[in-house]
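Read-outs throughout are calculated quantities, based only on the coordinates presented, and are distinct from any laboratory measurement. Only a predicted model underlies this, so the values are computations on that prediction, with no experimental measurement involved. Neighbour counts run over all protein chains shown; Cβ positions are idealised from the backbone, glycine included.
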Amino acid sequence: MSRTTFRNTVLGIGATAAAISVGYFGVQQLGRNNMFTIAAVVGGAGAISYVLQKPSQPEAPTAPIKTQRKGKKS
């Protein structure tokens with residue numbers, strides 16, 4: 001597992017725990033319907049962040065790489 005994947009996994013678990021805590025304590029103060037709203041917002045934010053994550057790709061070289069052709073020697 002790469003370092004970026006590990007970091008994203010840890011941050012995702014932390015964000016999920018925070019969202020559950022906010023929803024749990026928020027529903028005690030605000031009511032059941034607000035809990036559903038909070039859950040929908042957190043779920044939507046999670047889906048958006050999942051879609052926006054792109055796999056890391058190596059950067060293309062700035063200058064073209066010249067290759068030598070194998071063939072007849074003159």
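Under the shape rule built on the C-alpha gyration tensor, where the axes satisfy a ≥ b ≥ c, the range 3-52 is oblate, since a/c reaches at least 1.5 while a/b does not exceed b/c. Couplings 3J(HN,Hα) of the range 35-52, computed from phi: 5, 5, 5, 4, 4, 5, 5, 5, x, x, 5, x, 5, 5, 5, 5, 5, 6 Hz, in residue order, whole Hz [Karplus 6.51 cos²θ - 1.76 cosθ + 1.60, θ = phi - 60°; x for Gly and Pro]. 3J(HN,Hα) along the range 8-17, derived from phi through the Karplus expression 6.51 cos²θ - 1.76 cosθ + 1.60 where θ = phi - 60°, amounts to 5, 5, 5, 5, x, 5, x, 5, 5, 4 Hz, with x in place of Gly and Pro.
Each label point was placed 7 Å from the Cα along the Cα-to-Cβ direction; for SER49 and LYS66 their separation is 4.9 nm.
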